[in-house]
Amino acid sequence: MIQLLDTYQNWLNQNTFVVPKNSVIEVPIHMTLSENSEYIFNVESNSQVTFIIEFKASLKDLETIVLTLNVKQNSHVKYVLISEEKSFKTRINQTIQIEKDANVHVISGFLSQNLEADLNVNLNGENARAMVNAIVVSNDQQQQTVDVHMTHFAPYSYGDMYNVGISNGYGRVTLNGIEKIEKGMKQANAFQTLKGIILSDFSMVDVNPILLIDEYDVKAGHGATVGKIEEQQLYYLQSRGLSKIEAEKLIIKGYIKPILDEINDQDLVDRLETTIYERI
């Protein structure tokens, strides 16, 4: 079930939401999704919209959500997805189809108890662009796995991902980034940055950036870092009067702020920051 303001109810048909062509929506469209189900979002050509999608808390043993976003030619979409499910395990399967000259910015905050998230992004038209950002936080004995697959099916396409995993206690985070440029897709660009922050001796973050390139005339690069916060950084901040926890929060804020700054909802940003800092 989709819950949203009455203003957009006429764009909703059961579990399918359609933004008509030539629509420019300046205010983000907030939605709350509940129940195991499949949801489809279609953005027609020459439109501009921001979706902020949240999952309603549940106590079920397993929640499974399937999301499809279809973005037509020359449309621009910001797609914010927040999961704070209280179910034992949450599974999220997402597919995004991007046509010619369209641009999609995906921002995800994964703060569920235990999570498996798959995101498949297909760049289908020339000059299609996708930016994927995710913050994944795990503590206690939680396990969060996020797989991002991005495929370039058109020349001059652009894909970039910057994902951050933070683990404390006995938590575990796995970030997999797989980006493929198909043969013949000249002048495509593929970039990945995956960062892991470990806050205890028992927590773990795995990051796996993978580039699969079947074309020569492209630009591509990836980077990955995993580790604890450097003691020298903590010492410097503590010498300025901060406690160790305050120093850790300030350093972590430097990693996640570029992502949170892209969310057009300050109340939501404040809530996410509170939840993240509670877990670290």
What are the residues in the stretch 173-213 that are in contact with an Asp or Glu (Cβ under 8 Å, 6 or more places away or on another chain) and among the charged types (D, E, K, R), if any? K180, E182, K183, K186
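State which residue is modelled with the lowest pLDDT when the search covers only the stretch 28-66 and only residues that are touching a strand residue (DSSP E or B) at 6+ places or on another chain (Cβ under 8 Å) and part of a loop (DSSP other than H, G, I, E, B).
Taking the stretch 28-66 first, the residues touching a strand residue (DSSP E or B) at 6+ places or on another chain (Cβ under 8 Å) are 28-34, 36-44, 47-56, 61-66.
Next, from what is left, pick out any that are part of a loop (DSSP other than H, G, I, E, B): 28, 34, 36, 44, 47, 56, 61.
Details: P28: 91, S34: 71, N36: 67, E44: 98, S47: 97, K56: 67, D61: 62.
Looking at the filtered set, the residue picked out is D61.
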Please enumerate the residues belonging to the stretch 134-183 that are among the small types (G, A, S) and assigned to a loop (DSSP other than H, G, I, E, B). A154, S157, G169, G171
Would you be able to tell me the number of residues in the stretch 136-149 that are crowded, with 24+ Cβ neighbours inside 10 Å and not β-branched (V, I, T)? 2
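The values are calculated or read from the model by the stated rules, or taken from the named source; none is laboratory data. Here the structure is a predicted model, which means the values were calculated and not measured. All Cβ positions, glycine included, derive from the backbone under ideal geometry; neighbour counts span all protein chains shown.
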